[in-house]
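The values are calculated or read from the model by the stated rules, or taken from the named source; none is laboratory data. Keep in mind it's a predicted model, so treat the numbers as computed, not measured. Cβ coordinates were reconstructed from backbone atoms using ideal geometry, including for glycine residues, and neighbour counts include every protein chain displayed.
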Amino acid sequence: MSNAILTNLVTALAGKSIKVVDLTQPLHPKTPILALPEEFASSPGFSIETISEYDDRGPAWYWNKFACGEHTGTHFDAPIHWVTGKDHENNATDTIPVERFIGPAYVIDIVAEVEKDEDFLLTPAYIENWEKTHGKIAKDSWVLVRSGWSKRKDPKEFLNAREDGSHSPGFHPDAPTFLAEQRDVLGIGVETVGTDAGQAHTLDPMFPCHALMHGANKFGLASLTNLDQLPPTGAVVIAPPLKIVRGSGSPLRVLALVPSA
Ligand code: MN
């Protein structure tokens, strides 16, 4: 038995009337990682070592072993990642219902604002104004913030650290609750190294996106790229993390299905 929607989908993919856009950054030893203050344990970067490559160690096969923190490169943040989300049911990478990894994408463009102010914070008022043009953000959707930050190819410029910490855009403390409660989204996605602004340690609450989104059992996607290839509405995002048992997140491949112009 076939289903017309799935048959139409594969036909559209084959005929390229639906494109697949890769929202993932390459994962390699130079992938930038978040630096924490010295008093906290830090996450290692990505490392990779060859096990064999058609040689004495394995004449017909090539494979590697790799290591990294769960929150490295383009990655998923599960609610269990933050203390505010630790008591939700099904809050880890292995227990989140898989339906919740797929949803329509709403892409909010803040490139012009970030060019003027690299610490720009997205507010509920900004989102509501955006909705006047593009329509109300639907329940169970991904809200992706296109800041242009992924164009920063030099890790130093990407992290943009100064004496007082990193400077990069993020969410105003009122925005996560608005998106979680008023819009009931799946989660949010950003181009920066983490879902919170570089200066989020100075906000109240600290790291509002982590504290409030995960507190509301919502997800995060960090270090996305190619958001400029997505329309403001109409794309579908597929973002399943690795099924790490009790994982707080994982690097992942994030794909968007996008109607051709
Ligand atoms: Mn993370």
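Reported count of residues in the range 21-46, each being more than 30 Å from MET206 (Cβ to Cβ) and surrounded by 12 or more Cβ atoms within 10 Å (Cβ to Cβ), is 3. When the test is whether a residue is within 23 Å of the chain's Cα centre (by Cα), assigned to a strand (DSSP E or B) and not β-branched (Val, Ile, Thr), LYS19 passes it. When restricted to residues that are out of contact with any Ser or Thr (no Cβ under 9 Å at 6 or more places or on another chain) and among the polar types (S, T, N, Q), the range 22-64 contains 4. Please verify whether PHE120 is of a type in the set (Phe, Trp, Tyr) and touching a Leu at 6+ places or on another chain (Cβ under 8 Å), treating the condition exactly as stated. In short, no.
Sort through ALA180, ALA161 and tell me the only one that's aliphatic (A, V, I, L, M) and in contact with a Lys or Arg (Cβ under 6 Å, 6 or more places away or on another chain). Show your work before the answer.
Values: ALA161 fails: in contact with a Lys or Arg (Cβ under 6 Å, 6 or more places away or on another chain).
Being aliphatic (A, V, I, L, M) and in contact with a Lys or Arg (Cβ under 6 Å, 6 or more places away or on another chain) holds for just one of ALA180, ALA161, which is ALA180.
Is at least one residue of the range 107-130 within 16 Å of the ligand (Cβ to nearest atom) and in contact with a helix residue (DSSP H, G or I) (Cβ under 6 Å, 6 or more places away or on another chain)?
Within the range 107-130 (the criterion being within 16 Å of the ligand (Cβ to nearest atom) and in contact with a helix residue (DSSP H, G or I) (Cβ under 6 Å, 6 or more places away or on another chain)), the answer is no, since none of the residues qualifies.
Out of THR133, THR95, I need the residue that is part of a helix (DSSP H, G or I) and among the β-branched types (Val, Ile, Thr). Which one? None of the others qualify; the one that does is THR133.
When only residues in the range 189-200 that are within 21 Å of LEU27 (Cβ to Cβ) and crowded, with 24+ Cβ neighbours inside 10 Å count, which is nearest to the ligand (Cβ to nearest atom)? Spell out how you get there, then give the answer.
Looking only at the range 189-200, we keep the residues that are within 21 Å of LEU27 (Cβ to Cβ), and these are 189-195.
With the extra rule that they be crowded, with 24+ Cβ neighbours inside 10 Å, the set shrinks to 189-193, 195.
Values: GLY189: 11, VAL190: 10, GLU191: 13, THR192: 11, VAL193: 8, THR195: 7 Å.
The selected residue is THR195.
Pairs linking a residue in the range 72-84 that is on the phi > 0 side of the Ramachandran plot to a residue that is near the ligand (Cβ under 10 Å from one of its atoms) and assigned to a loop (DSSP other than H, G, I, E, B), with Cβ atoms under 6 Å and 6 or more positions apart or on different chains, are GLY73/SER223. Could you grab me the full set of residues in the range 214-232 that are buried (at least 16 other Cβ atoms within 10 Å of the Cβ) and of a type outside the set (A, V, I, L, M, F, W, C)? Within the range 214-232, HIS214, GLY215, ASN217, LYS218, GLY220, SER223, THR225, ASN226, PRO232 meet the criteria.
The number of residues in the range 108-127 being out of contact with any strand residue (DSSP E or B) (no Cβ under 9 Å at 6 or more places or on another chain) and either more than 19 Å from SER150 (Cβ to Cβ) or buried (at least 19 other Cβ atoms within 10 Å of the Cβ) (or both) comes to 3.
If the condition is being part of a loop (DSSP other than H, G, I, E, B), modelled with pLDDT of 95 or more and away from the ligand (no atom under 16 Å from the Cβ), then the range 31-57 contributes ASP56, ARG57.
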